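Take a look at the structure set out below.
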Amino acid sequence: VVAVPVLFKQALENMATEEGKSVSLRCELTKADATVVWKKGEATLQASAKYEMKQKGTVAELVIHNAEPEDA
């Protein structure tokens, strides 16, 4: 049995928002319910009041609440 790698069907795009607003980053994968890890640089992001992670089928989404310049 050969494992098929998970690839991006739709990669992340740069998004702009106003300070204090929420912004949503989405990507689409080739395999449903694949494990997605969101990172900023080397740091792994954890679900919190600031970061909301969602995944439905092949679409993974990261919502950043109360965006600040440091979130770039």
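Straight-line cross-link partners of Lys56 among the lysines, defined as a Cα under 20 Å from its Cα and at least 8 positions apart when in the same chain: Lys9, Lys31, Lys39. For the residues Ala43, Ala16, Ala32, a GNM of the chain with alpha-carbon springs under 10 Å puts the largest fluctuation on Ala43. Comparing mean-square fluctuations of Lys31, Lys40, Lys50 from a GNM of the chain with C-alpha springs under 10 Å, the top value falls on Lys40. Ordered by solvent-accessible area of protein heavy atoms (1.4 Å probe), largest first, the residues Met15, Met53 come out as Met15, Met53.
Kirkwood Rh and Cα-based Rg: tell me the resulting Rg over Rh for the chain, rounded to two decimals. Kindly include the intermediate steps, with their values, before the conclusion.
Values: Rg = 13.5 Å, Rh = 13.3 Å.
Reported Rg/Rh, Kirkwood definition of Rh: 1.01.
Straight-line reach from Lys21: taking Cα to Cα under 16 Å and skipping same-chain neighbours fewer than 8 places apart, the aspartates and glutamates in range are Glu52, Glu68, Glu70, Asp71. Taking a sphere under 14 Å around the Cβ of Gly57 and counting the other residues whose Cβ falls inside, with K and R at +1 and D and E at -1, yields a net charge of +2.
Placing +1 on the Cβ of every Lys and Arg and -1 on the Cβ of every Asp and Glu, with no other charges, gives the chain a dipole of roughly 360 debye about its Cα centre.
The values are calculated or read from the model by the stated rules, or taken from the named source; none is laboratory data. The model shown is predicted, which means the values in this text are computed figures rather than measured ones. Please note: Cβ atoms are built from the backbone with ideal geometry, for glycine as well, and neighbour counts cover all protein chains shown. Protein only, heavy atoms only, side chains kept; ligands, DNA and RNA dropped before computing areas. Shrake-Rupley method; radii C 1.70, N 1.55, O 1.52, S 1.80 Å.
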